[in-house]
Amino acid sequence: MVKAKAPRRTLDSYAVKHINKIIKAGDCVLMRPADQSKPQYVSRIERIEADARGGNVKVHVRWYYRPEESIGGRRQFHGSKELFLSDHYDVQSADTIEGKCTVHSFKSYTKLDAVGNDDFFCRFEYNSSTGSFNPDRVAVYCKCEMPYNPDDLMVQCEGCSDWFHPACIEMTAEEAKRLDHFFCESCSSEGQKKLQNSHAASRHSDTKVDTKRRRR
C-alpha cells in the first residue's frame, strides 16, 4: 500500500534562527551556493511551506541571475551589483538561506546615498531558455552609445544634456571632476558663446559631474 503524502501548509512568515531573521513572501534573500567558492545566490521568495508539524520548511523561490550567469555574459554597462530577475523557479530548504538583501529598482538604486553589501538592483527580466531580456531596449548615452552603468563616472553636457564617460571624450576622471563647465563636441561652439555672455556663477555650480555614481 502506498503511503499518502503528508500534507503541507503555507506559512505567512518564518523565523530563520541561524541568521536571526524573519522571512516572508516577497523578501529577497541570499542563499548558500553548492560551490562555496562562488558568490551567494540571490532569490525572491514566492511562498513558504512546512509540514503539518511546522518543520521541514521549504521556500519556493524565483532566482535572480548575475550578468555572468546569463547566456550573453557580463557586458561593459552591467553594474557590479546588477541582477536579472529570471523565469527560473525552484524549491529550496530554508536552511540554505544565509541572509536577507534588498533588490532595488534601477531608479531607486541610483538615488541611494550609499550602497551596502546587501544592496542590489534589477532593471531587466531574463528568459533563461532564450537569453532574451525584457525590456529589450534601454536608453543609451555618450559617444559609445552604451546603457548607463551606475558604477561609472560621467559628466553632463550643458548644451544637449547628454552624459559622457571621461575616457570617451579623451579626459581622465580627475580632469572631469575639476571641470567648471562642459560642452560636448556638437555643442562646443554654441556653448562658448553662452559662457561668454553669462554672468559669473559660483564655482562648480553649472557642470553636472556624476561623482557619486548617480543619475538624475
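The values are calculated or read from the model by the stated rules, or taken from the named source; none is laboratory data. Note that the structure is predicted; figures quoted are calculated from it, not measured. Note that we place each Cβ from the backbone using ideal geometry, even for glycine, and neighbour counts take in every protein chain shown. Side chains are part of the model used for accessible areas, which takes the heavy atoms of the whole protein and leaves out ligands, DNA and RNA. Shrake-Rupley method; radii C 1.70, N 1.55, O 1.52, S 1.80 Å.
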query: Pick from Glu158, Glu174: which is over 25 Å from the mean Cα position of the chain (by Cα) and not in a loop (DSSP other than H, G, I, E, B)?
result: Glu174
query: Quick one: is Glu82 modelled with pLDDT of 95 or more, farther than 20 Å from Asn134 by Cα and touching a strand residue (DSSP E or B) at 6+ places or on another chain (Cβ under 9 Å)?
result: no
message: Of everything in region 142-156, what is under 20 Å from Leu112 (Cβ atoms) and among the aliphatic types (A, V, I, L, M)? Give them in sequence order.
response: Leu153, Met154
query: Taking region 75-88, which residues are outside any strand (DSSP E or B) and either under 15 Å from Phe121 (Cα atoms) or open to solvent by less than 10 Å² (accessible area, probe 1.4 Å) (or both)?
result: Phe77, His78, Gly79, Ser80, Lys81
- request: Test Asp113 against the criterion of being at pLDDT below 95, assigned by the TED database to the domain that holds Tyr14 and open to solvent by 40 Å² or more (accessible area, probe 1.4 Å), and give yes or no.
  value: yes
message: Given the options Asp90, Asp35, Asp95, Asp51, name the one that is in the same structural domain as Ser128 (by the TED database), touching a residue at least 60 places away in the same chain (Cβ under 8 Å) and not aliphatic (A, V, I, L, M).
response: Asp95
- prompt: Quick check, is Val91 modelled with pLDDT of 95 or more, among the aliphatic types (A, V, I, L, M) and surrounded by fewer than 18 Cβ atoms within 10 Å (Cβ to Cβ)?
  reply: yes
Scan of region 177-188 for residues that are more than 11 Å from Leu153 (Cβ to Cβ) and either open to solvent by 90 Å² or more (accessible area, probe 1.4 Å) or in a loop (DSSP other than H, G, I, E, B) (or both), ordered by number: Arg178, Leu179, Asp180, His181, Phe182, Phe183, Cys184, Glu185, Ser186, Cys187
